[in-house]
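The values are calculated or read from the model by the stated rules, or taken from the named source; none is laboratory data. Values in this document were obtained by computation on a predicted structure and should not be read as measured data. For neighbour counting, all protein chains shown are included, and Cβ atoms are generated from backbone atoms with ideal geometry for every residue, glycine included. Note: accessible area is taken over every heavy atom of the protein model, side chains too, but ligands, DNA and RNA are not part of it. Shrake-Rupley method; radii C 1.70, N 1.55, O 1.52, S 1.80 Å.
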Amino acid sequence: MARDFLIVDPEEDQLVLKAFASPTRARILKLLRSGPLNVNEIAAATGLPQSSVSANVQILEEAGLIRSENQRARKGTQKLCHTLFDEVLVTFKEAAQPTNSDTIETAMPLGLYTSYQVSAPCGLCSPHGVVGLLDVPDSFLDPGRMGAALIWFMRGHVDYQFPNNAKILGGEVAALEVSMELSSEVPGTSPNWPSDITVSINGVEIGTWTSPGDFGDKRGVYTPDWWKLKGSQYGMLKSFRVTPEGSYVDGVKISPVSIKDLSLSDHRSIRLTVAVREDAQHPGGINIFGRGFGNYDQDILLRLTRRR
């Protein structure tokens, strides 16, 4: 099952924090977790007047926490309310770091995915131990995922939501680059285990890179000592770059998708999806290595470069 998360920065998302400031609105959100309800049903469950429920529902809608739709009822119409997120995380986002006057870079910890849908074998680890239960997709909900430094799954995807720093950068964006350490996933390890790893930006598939294998011949430079040697140890640092001429992996063109196709100016955020598709020719799973695992002590990096 796919799960959706909302990451809230206390410095930026005051409207969301205001919505959570009311015990009544918190109770409404809790009720909606079991399924959509209309205003009359919420009023009956909370013991509140319909007018009070309607006012609180409007605040939750304005904060982007629920959505409502009008449905035909026996007498007129009814407003049916749906919750939009399974979990809300409140955290201070890491500030974007300019690498030079024409580039701005944002680091995203592995555990701060905003949604996921994965199949076993799957799991997460921090530098200190396993998070949740191995091969149980629901463990991707475990709060310990915030410290994840290694994520793996056979098929499915994880989504990350980066701030769109194009306005900070100023001018026209000439290139977008995503850098991360990746490998295939196989029980044990195998250097010859190809896997098609597909990357999308804002819902636009920029291309697929085929990982040659799952590497375990030696311990990763930053892989902790407690991690068994027979498990995945390190990956390959890959750079996915989108330019006006097309999309590239380490300088090799993989698709004609250009920076214009991403419509960056139309989006408040930049959504990165890393996936092993169900219809992949080589569905060999994926390991994503972060800070504290593998050969490169880094999180997922997104760079925007301004046109000179």
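Secondary-structure-derived ellipticity at 222 nm for the chain, considering helices only, amounts to -3500 deg cm²/dmol, per-run term -39500 (n - 2.57) for DSSP H runs with n ≥ 4.
Multiplying the residue separation of Arg277 and Arg27 by 0.36 nm and subtracting their alpha-carbon distance yields 86.3 nm. Taking θ as phi - 60° and the Karplus parameters 6.51, -1.76 and 1.60, the scalar couplings of the range 198-208 work out to 9, 10, 10, 10, 6, x, 9, 6, 8, x, 10 Hz in sequence order, x denoting glycine and proline. Ordering Val252, Leu150, Trp226 by Cα displacement along the dipole of the chain toward the positive end leaves Leu150 in first place; charges were set at the Cβ atoms of Lys, Arg (+1) and Asp, Glu (-1). Charge dipole of the range 236-297 (Cα centre as origin; +1 on each Lys and Arg Cβ, -1 on each Asp and Glu Cβ, all else neutral): 160 debye, rounded to the nearest 20.
Using the Cβ-Cβ distance between Ala45 and Leu89 with R0 set to 22 Å, the FRET efficiency works out to roughly 0.25. Note on the range 161-219 and the range 255-295: Cα centroid distance 5 Å, given to the nearest whole angstrom. To the nearest ten degrees, helix 50-62 and the longest principal axis of the Cα atoms of the chain are 20 degrees apart. Comparing Pro109, Pro244, Pro49 in a Gaussian network model of the chain, where Cα atoms under 10 Å apart are tied by springs, the biggest mean-square fluctuation is seen for Pro49.
May I ask for the angle, rounded to the nearest 10°, between helix 23-32 and the longest principal axis of the chain, with both axes built from Cα atoms and the value confined to 0 to 90°? Value to nearest ten degrees: 70. Between Gln78 and Lys18, how high is the FRET efficiency from 1/(1 + (r/R0)^6) when r is the Cβ-Cβ distance and R₀ = 30 Å? Nearest 0.05. Efficiency, from the Cβ-Cβ distance: 0.65. What the chain shows is 48 Å² of accessible area per residue, with the surface traced by a 1.4 Å probe over protein heavy atoms.
Counting protein heavy atoms only, the chain has 51 percent of its accessible area on carbon and sulfur, 1.4 angstrom probe.
For the range 1-74, applying the loop criterion from DSSP together with a ceiling of 13 other beta carbons within 10 Å to the trypsin sites (Lys or Arg not before Pro) yields Arg33, Arg74.
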